[in-house]
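Okay, so here's the structure we're looking at.
Read-outs: derived from the displayed coordinates by stated rules, not from any lab. Quick caveat, the model's predicted, so the values are computed rather than measured. All Cβ positions, even for glycine, are placed from backbone atoms using ideal geometry, and neighbour counts span all protein chains on display.
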Amino acid sequence: MPSSIVRNSCSSLWRALSNVWEALLSNVAWSLGNGHSVNFLTDIWIPALGPLCDFSQASPAAMSHVSFDSVLNDNGEWDIAKLATIFTEDVLPYILGVKPPKPRDGPDRCIWHWTNHHGFELKPAYDRCAPLALEDPDPLWNRIWKLQVPQRSRNDVVFTGDSTLVECALSRGIAWAQYYYDGWLQPLPATGKATIGGLLRDTTGNFIFGFSKFIGVTYSLHAELWSLNVGLQLAWDYGITFLHVQTDCKWVLELLHDPNVESCSISLVRSIHQFWRQAWYVDLIWTPRSGNKAADSLARLSNLSSFDLSLFHSK
């Protein structure tokens, strides 16, 4: 995205946008698709970290050749050994928590920085940007706009600046004004070390195989999507043609059943949708958390010191 959109000759709307463009860019990140539009080092594609160039331990000469292609192995997965020569150990889990770019995932997409589903929401946007626009807010203005008085009275106060009208409006409003408190405080959902797990059974309920894996640092929603993505890949490689999938995350169901799933801002959702379109039948339904205890137990078996996939087969 351009760093500035200022023009000498433009409409009032474009001029207004150019005035807030810098603030907008600070709140926008990238969701990786094929990786063609994103600079590996300078663009923000890990919202919790920001640009990776700030975390490099390699020399500037070595960094000049780093790109997505240079840190992927022959299978298109993250090359952990190569990444370890560039970044400190505490940064690696954040990188590995993001699905690597693949050609089939389509173009990269701009996303909103401050929600774990990457969709724009007005309240997080206001809570995030308001402090930038109002560095020293006047408490009196806040009181005026919260008054439950006729709009005409409020307008008189705002447009005349008459202090007598201000006190009058406040005194009229105080008797029946209500204060609404919103406890939502943190615009960025918490991230943490995430492990995933799952198991495959046949039609009679017999265990076929299970898996567990430490995927790095990510959001809880993305951990659910990672588990589904890895499980679908394993089932496909195993030769399954009819697959009944159960998940205890209703949010995953909503994302994957959305009519616009192909344009979802989360790359893992687009990848899972691609699996669905292959030559097999996949059915995804919700199950209570109590019915998913086996998969949860497998996820807890993950080794937090290794990013390797652990497979468990029936005897």
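Worth pointing out:
- Rounded to the nearest 0.05, the FRET efficiency derived from the C-beta distance between residue 314 and residue 250 at R0 = 35 Å is 0.70.
- In this simple spin-label model, placing a label point 7 Å from the Cα along the Cα-to-Cβ direction at both residue 26 and residue 297 gives a separation of 5.0 nm.
- Sparse packing (at most 14 other Cβ atoms within 10 Å of the Cβ) combined with a DSSP loop state is found for the following trypsin sites (Lys or Arg not before Pro) in the stretch 207-297: 277.
- Debye log10 I(q)/I(0) at q = 0.25, 0.29 Å⁻¹ for the stretch 205-272, Cα point scatterers: -1.31, -1.47
- Nonlocal amide H pairs with residue 72, under 5 Å, H built at 1.01 Å: 79
- Rg and Dmax, both from the Cα atoms of the stretch 26-109 and both in Å, are 12.1, 34.
- Nitroxide proxy distance, nm - points 7 Å out along Cα→Cβ at residue 260 and residue 8: 3.8
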